[in-house]
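Data block below; observations after.
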């Protein structure tokens, strides 16, 4: 059984743990990030050194405490960067910092510190740098996934639209041409723009194009009511979050019934949020099914669209801001998107 | 009672809008052109609708009756604030995409602490703005009907909170624009009608008012709040129950809720803390906030606060988010100056008429009700009743539009920045904010709406003005500098206001600077912000962030549209 720590030792070890954690947190953005000076300071207190420096591959040390006055540190740094091995003896030692397999920088310690302590400190810093790199690459992966999700939607629509137009080419060539131009407009919007975000106003424009194509197919069966408050027209949202919802409402609310169906789209401000609702008066579905669709448990193509929008919204705005589906068998379906009217970093 | 009847359609309309939601753009058969933009004219009407509060509708005329023609500097400042906004912040703020100033602070400087501090400033400014709205609503209700002041305030608070909680949280551009037209008509038409009704004698007197020294007829004064009258010549007073007594020379304390009738020909007693209207100082085209000294300093103080404070008003800046881009935001601000300019031509008319017809209001401290008290003096018949009803409805519309906007902003700051949570918290915050705002309004009966509102402007000018101006125009601003500057400005301005409210009387020019602290708190906030920023290093992305604010909307990256 380990001996119980005395009270003073206890606080001291806590302080050590805190310092170690804070060093790794500050180094999250790399050796030349904003936290490196603070990390050097904490590390110096941890080692009890007179001075301590972190240098990146350029060989520019960031000092905390008193730099080594007499010795010239530049040759030592140079030697460590070339040799990738520890150099120097107390009071001035240098150890290489390896993040993963690559050399990332050098740790310089000035003062009466044992070589072992310097080695351990270098390992701590290296581990922190490595975890920072991992975090950054995880972030990049999430970004890539986000972009991929955006591209995943378009094929549904492309297929549907082309089917609609094809059905008109013989019977009404003029109309087909008009629709083809609408379709061209739409693809320009969804494919050619750079950046991840657009405005509510542009999204509504995209819906318009989509509904124009759908009305060509469904004729008078499709009735549409759109109400948008001007306050939300300028709000930034991810690309193509509304079109899949409207598509869903048309396909499940209007198409199966045989009779006329009403699709209502509304957008308004509610406090600091923008609330967009897409509602149909179709057959609805059991709430359990809606839950399953949102959780991505169903593999058919329409379900993928809703779950996809839900995931993208949560990815951008956080867990509060997913899709809300209000539905019951025979009672229609209402899908609500709620996004903050302003979110840092989300700009069209 | 007829005035009450005029309120009913207004309240019903407000509640209906709240319940129904706002059908802003709607098309039932075909599709709307969603990319259709909101025109700057419509948007600026909405800005003006939200901005014209009870302080503008009633307060300015009341201050003019009390302090003289110099009070017309208040509307000058209220309107000129949009010039400062137009030049300095409108377009960059819109380009940042930020909805509120705390949003802007986070987007530009990336500091969550600054966001929280900003939310606190929003609460202070909105509080200082909300209390006079409730107070004025209470005063108006008690002036046109036999309700006590506190009932009026509670009713006003309940109406606003209910309308919001029932669904009025949609910040509705069309409704606000309609409200502006309504207020404009309800303010201008009665003014011209009253001028026509009053007759040539009154009009001549209004231009050349004499000092109010003697009661020209038996004058009934209702004291809604307690007052101390200094009687300089014995005057005969009739109580409501018919008892007559002669007030001796000296100071008399009149309790709240009493109604006294002063006999014709008696010398008008003076009120502690204000001079009788119409004296030589009354004509002076400068303001006097404390006693009658330092009018130039007072005027400049008020102008500094109102001109620089407008850009920081939380419920106004939100409206600019509706503009599609920076250029139309700027155009909106420009048109707003013109629209407000038209409205502010008329408080002077009411003030001048009130000086001739209802000067006794200053005895009871109810000068803010001068506008609604006027018609009854001009005409006792149906015309007077109709005019009172119109003006009451207009005042209530002004009160409702502004207080709903303010409550929503307060709730947003609490539910969004301070204690983030879902929609339920937003609703709770609305009710909570209304409940918190009512008690101070009960105690603020003695402070003019114009003064309280100007304090709101002062705090905004000392905190958000430097933050916005430096955040937009100066690359070297650091989060620490912004935090220190906003904190210094908030502490200095609210401290000075607290001293003015609760502290000892400060004599001389120092007193002016305590009652209207903007001339020193604004430079102080700027100086602290610059000094602390120079000591630190700006974040690496500062250059990009500032450039983005100034990049014209047409030149923003490749676009096929």
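The values are calculated or read from the model by the stated rules, or taken from the named source; none is laboratory data. In this text the structure is predicted, and so the values were computed from the model without any measurement. Neighbour counts run over all protein chains shown; Cβ positions are idealised from the backbone, glycine included.
Table: residues versus (1) modelled with pLDDT under 75; (2) in a strand (DSSP E or B).
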| residue | (1), (2) |
| --- | --- |
| B:229 | no, yes |
| B:261 | no, yes |
| B:278 | yes, no |
| B:286 | no, no |
| B:290 | yes, no |
| B:293 | yes, no |
| B:297 | no, no |
| B:304 | no, no |
| B:308 | no, no |
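I'd like to check something: does region B:335-347 contain any residue that is assigned to a helix (DSSP H, G or I), within 30 Å of residue B:142 (Cα to Cα), at pLDDT below 90 and out of contact with any strand residue (DSSP E or B) (no Cβ under 8 Å at 6 or more places or on another chain)? No: zero hits. Scanning region A:206-226 for residues that are free of Cβ contacts under 8 Å to residues at least 24 places away in the same chain and more than 10 Å from chain B (Cβ to nearest Cβ) gives a single hit, A:219. So which residues in region B:122-149 are touching a residue at least 24 places away in the same chain (Cβ under 8 Å), over 14 Å from residue B:396 (Cβ atoms) and not in a helix (DSSP H, G or I), if there are any at all? Passing the criteria: only B:148. Consider region B:538-558 and keep the residues that are surrounded by 12 or more Cβ atoms within 10 Å (Cβ to Cβ) and farther than 18 Å from residue B:89 by Cα. The one that is modelled with the lowest pLDDT is B:556. For residue B:224, the conditions (1) surrounded by 18 or more Cβ atoms within 10 Å (Cβ to Cβ); (2) part of a helix (DSSP H, G or I); (3) under 28 Å from the mean Cα position of the chain (by Cα) are fulfilled apart from (2).
In this structure, is residue A:198 surrounded by fewer than 23 Cβ atoms within 10 Å (Cβ to Cβ), more than 8 Å from chain B (Cβ to nearest Cβ) and in contact with a strand residue (DSSP E or B) (Cβ under 7 Å, 6 or more places away or on another chain)? For residue A:198, the condition - surrounded by fewer than 23 Cβ atoms within 10 Å (Cβ to Cβ), more than 8 Å from chain B (Cβ to nearest Cβ) and in contact with a strand residue (DSSP E or B) (Cβ under 7 Å, 6 or more places away or on another chain) - is met. Evaluate region A:253-275: report whether one residue or more is part of a helix (DSSP H, G or I) and in contact (Cβ under 8 Å) with a residue 60 or more places away in the chain. Scanning region A:253-275 turns up at least one residue that is part of a helix (DSSP H, G or I) and in contact (Cβ under 8 Å) with a residue 60 or more places away in the chain.
Let's see how each residue does on (1) at pLDDT below 85; (2) assigned to a helix (DSSP H, G or I); (3) farther than 29 Å from residue B:223 by Cα; (4) in contact with a helix residue (DSSP H, G or I) (Cβ under 6 Å, 6 or more places away or on another chain):
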| site | (1), (2), (3), (4) |
| --- | --- |
| B:371 | no, yes, no, yes |
| B:392 | no, yes, no, yes |
| B:399 | no, yes, no, yes |
| B:403 | no, yes, no, yes |
| B:414 | no, yes, yes, yes |
| B:428 | yes, yes, yes, no |
| B:435 | no, yes, no, no |
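Taking the criterion of being exposed (fewer than 15 other Cβ atoms within 10 Å of the Cβ) and within 19 Å of residue B:388 (Cα to Cα), would at least one residue in region B:198-212 satisfy it? The answer is yes; a qualifying residue exists.
Against the test of being assigned to a loop (DSSP other than H, G, I, E, B), surrounded by fewer than 15 Cβ atoms within 10 Å (Cβ to Cβ), within 33 Å of the chain's Cα centre (by Cα) and not assigned by TED's automatic domain parsing to the domain that holds residue B:66, the options B:242, B:265, B:257 yield a single qualifying residue, B:257. In region A:60-79 there is at least one residue matching the filter, namely being surrounded by fewer than 17 Cβ atoms within 10 Å (Cβ to Cβ), assigned by TED's automatic domain parsing to the domain that holds residue A:25, within 38 Å of the chain's Cα centre (by Cα) and not in a strand (DSSP E or B). Determine, yes or no, whether residue B:71 is within 18 Å of residue B:336 (Cα to Cα) and either in a helix (DSSP H, G or I) or modelled with pLDDT of 90 or more (or both). No: the conditions fail for residue B:71.
Note on region A:227-242: residues that are in a strand (DSSP E or B) and more than 8 Å from chain B (Cβ to nearest Cβ) amount to 2. Kindly indicate whether residue A:245 is more than 14 Å from chain B (Cβ to nearest Cβ), buried (at least 22 other Cβ atoms within 10 Å of the Cβ) and in contact (Cβ under 8 Å) with a residue 12 or more places away in the chain. So residue A:245 passes the test. So, residue B:239, is that one over 27 Å from residue B:64 (Cα atoms) and modelled with pLDDT of 80 or more or not? Criteria met by residue B:239.
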